[in-house]
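Take a look at the structure set out below.
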Amino acid sequence: MAKDKEVLETADQRYKRYLKAQERMDLWLHLFQTAYKYAIPDRDDFFNKNTSGDNRMNDVFDSTAIDGVEDYAGTIQSILTPPYARWAKLVPGDLVKKTQKLSDTEFEEAQKILEGYTDTLFTYLNASNFSLKANESLQDLAVSTGIMILNEGTDDKPFQFLSVPISQVAVSEGEDGTLKNFWRKWDIAIRLVPLKWPMIKLDQTLTALLKSNPDEQVKLIEGCINYPQNSQDKQYFYYLQHIQSGVKDLYTDWREFNPFTGFRSNVSPGEILGRGPVLKVLPDIKKLNKFEEMALRGASMRAFPITLLESNAVLNPHNFKMNAGDTIIIEPSPSGKDPIRPMQVGGDVQFEQAYREYLTNNIKSALSADPLGEPEKTVNQTATQTQIRQSNWTRKNGAAASRLTTEWLNEILDKCIRILRKKNILQDLVVGGKTIELKFDNKLIAVDYQSPLLDVQNQEDAQKLEAHIGFIGQNFGPTGITATYNLKEIPGYMADKMGVPKHLLNNSDVIQEKLDNLAKQAQQAAEAQAQAGQPPMGTGQGQPQTQQPQPQGG
């Protein structure tokens, strides 16, 4: 039996891995601090200067970026994971029919079982705090990288989600380019440590500290490292370290999945952390904030003009500050008129408004705020125009949605399924005496996303089939449709594309039987009409028509 790699790594070696990852994170600190200062001030704690109740808006004069980040997080969430909606469903994977040798009836039975599992999954997911914490992490995504933690809860509430600010985390990539290794810094009161980690074993130093000063803050490192060469149940090593009096492991545990999930919308070559839309327009955000600051000063001087007072006194420009409402002593004018008068303040109001609107639109566009335009400016748009604009917007964000699906949604659903399976809330599928392992790998079990953005392709597929059926019917009639299509498969195909639950449909054999009965009934009706001397129903052009009796005039 191969020896686990973790056995070869000491606590000190793992701590050095954390320090190396933290060095890479430190390169981003000043950039992140600036971005969070103007866009997400509530989560700006990169230099630990803030305390509860602090005013974090002292240097913020414009809230366009703050509102834009909230719109960005809300838009992404409503498109990918709408709250309290079933935004994905479990389906049989591409290889399950071949590898398990399922018949058509057994395959449809597996689909119906997985639909029930989907309902169970989202019942627990929607009852958790997923939507709340997802929105917080999506705000971090607007700047760089979102980080979520999924901890196993109770049988009644199996999912416990946390959103971790990027300022508290160090990360490194795995062999597949996704974020696999995570470390979180903790400054926590010693009395809370046993409550948060009930299985922890405090050393003598911490035990004594807990008794003498339970509110003392201690520094801990919570880490999880991926070892892909290990067996499935030892893929991740989760641990907690105390680093103040030497590096000591307080808790260790092998796990089959990582409680941390990190996701990015865009990554530059050679970098690990993401670069969100806020970093893209950070220069415009800073310019707009400075512009609003100067505009506010100009407006205050217009509202409360500076008074010029003629006098023989001397003004020292080196120690003089000019504020709205002040009085400035100046030399008397030769004419001697208006010894007391307001100072004229210049400025182009139209230019200010145009430049403000230009910067604001750039920021809103980058953060996907008002993707369909402001209501007062789009009141005359038709439904088709609105649909086209929405379709164009979804295509523009398709690449980001694809990455988020891989790094975020797939990871969250996989971990949720593992937790529910561990708690025996979901079990392996048994179909026709065959057992299918409930494992989200896109081979045996896959996920079909139902969110608006990811459902665009399904809508197009359904429209193409409908158009082709219309083309065949128009040119070849009902007989052409029957000859062209496998009719019993069409209802199931369209149900998949349109998001109709499978349990509402008959299986393909029942559908075929009913289609055969309808065909027989139509044939019998045609024969009966022919015997009565009437043309069959549905005859096309060129068939003889029966002369209708004309009413007699009175």
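The values are calculated or read from the model by the stated rules, or taken from the named source; none is laboratory data. Not measured: the values here are computed from a predicted model. Cβ coordinates were reconstructed from backbone atoms using ideal geometry, including for glycine residues, and neighbour counts include every protein chain displayed.
For segment 399-450, the set of residues classified as surrounded by fewer than 19 Cβ atoms within 10 Å (Cβ to Cβ) and charged (D, E, K, R) consists of Arg403, Asp414, Arg421, Lys422, Lys423, Asp428, Lys434, Glu437, Lys439, Asp441, Lys443, Asp448, listed by residue number. Could you tell me whether segment 25-32 includes any residue that is out of contact with any helix residue (DSSP H, G or I) (no Cβ under 8 Å at 6 or more places or on another chain), in contact (Cβ under 8 Å) with a residue 12 or more places away in the chain, closer than 30 Å to Asp187 by Cβ and part of a loop (DSSP other than H, G, I, E, B)? Yes, segment 25-32 contains a residue that is out of contact with any helix residue (DSSP H, G or I) (no Cβ under 8 Å at 6 or more places or on another chain), in contact (Cβ under 8 Å) with a residue 12 or more places away in the chain, closer than 30 Å to Asp187 by Cβ and part of a loop (DSSP other than H, G, I, E, B). Annotation: Lys488 fulfils all but one of (1) buried (at least 19 other Cβ atoms within 10 Å of the Cβ); (2) in the same structural domain as Gln523 (by TED's automatic domain parsing); (3) closer than 19 Å to Gly93 by Cβ; the unmet one is (3).
Hey, any hits in segment 200-207 for a residue that's within 26 Å of the chain's Cα centre (by Cα) and touching a residue at least 24 places away in the same chain (Cβ under 8 Å)? The answer is no, given that none of the residues of segment 200-207 is within 26 Å of the chain's Cα centre (by Cα) and touching a residue at least 24 places away in the same chain (Cβ under 8 Å). If you check Ile149, Ile113 for being within 24 Å of Ile272 (Cα to Cα) and surrounded by 16 or more Cβ atoms within 10 Å (Cβ to Cβ), only one passes: Ile149. Segment 199-303 holds helices (runs of 4 or more DSSP H) entirely within its bounds, and those carrying 3 or more residues that are of a type outside the set (Gly, Ala, Ser) and over 22 Å from Ile40 (Cα atoms) map to 204-212, 282-303. Taking Phe107, is it at pLDDT 85 or above and farther than 30 Å from Arg297 by Cα? Spelling it out, Phe107 is indeed at pLDDT 85 or above and farther than 30 Å from Arg297 by Cα. Taking (1) of a type in the set (A, V, I, L, M); (2) surrounded by fewer than 18 Cβ atoms within 10 Å (Cβ to Cβ); (3) within 16 Å of Gly499 (Cα to Cα); (4) modelled with pLDDT of 90 or more in turn, Leu90 satisfies each apart from (2). Looking at this structure, is Glu292 on the phi < 0 side of the Ramachandran plot, modelled with pLDDT of 65 or more, outside the structural domain of Glu23 (by TED's automatic domain parsing) and not aromatic (Phe, Trp, Tyr)? Yes; evaluated as a whole, the condition is true for this residue.
For segment 261-274, which residues satisfy the criterion of being crowded, with 19+ Cβ neighbours inside 10 Å and either out of contact with any strand residue (DSSP E or B) (no Cβ under 6 Å at 6 or more places or on another chain) or over 24 Å from Asn226 (Cα atoms) (or both)? Ser265, the sole residue that qualifies. For segment 159-183, filtered to residues that are among the charged types (D, E, K, R) and touching a residue at least 12 places away in the same chain (Cβ under 8 Å), the residue that is surrounded by the fewest Cβ atoms within 10 Å (Cβ to Cβ) is Glu175. Checking the stated criteria, Leu240 turns out not to satisfy the condition of being modelled with pLDDT under 65 and more than 30 Å from Asp62 (Cβ to Cβ). Residues in segment 347-373 that are of a type in the set (Gly, Ala, Ser) and at pLDDT 70 or above: Ala354, Ser365, Ala366, Ser368, Ala369. Across segment 451-470, what is the total count of residues that are over 23 Å from Leu125 (Cβ atoms), of a type in the set (A, V, I, L, M, F, W, C) and surrounded by 13 or more Cβ atoms within 10 Å (Cβ to Cβ)? Selection size over segment 451-470: 4.
For segment 129-146, the set of residues classified as buried (at least 17 other Cβ atoms within 10 Å of the Cβ), in contact with a Pro (Cβ under 8 Å, 6 or more places away or on another chain) and of a type outside the set (D, E, K, R) consists of Ala142 only.
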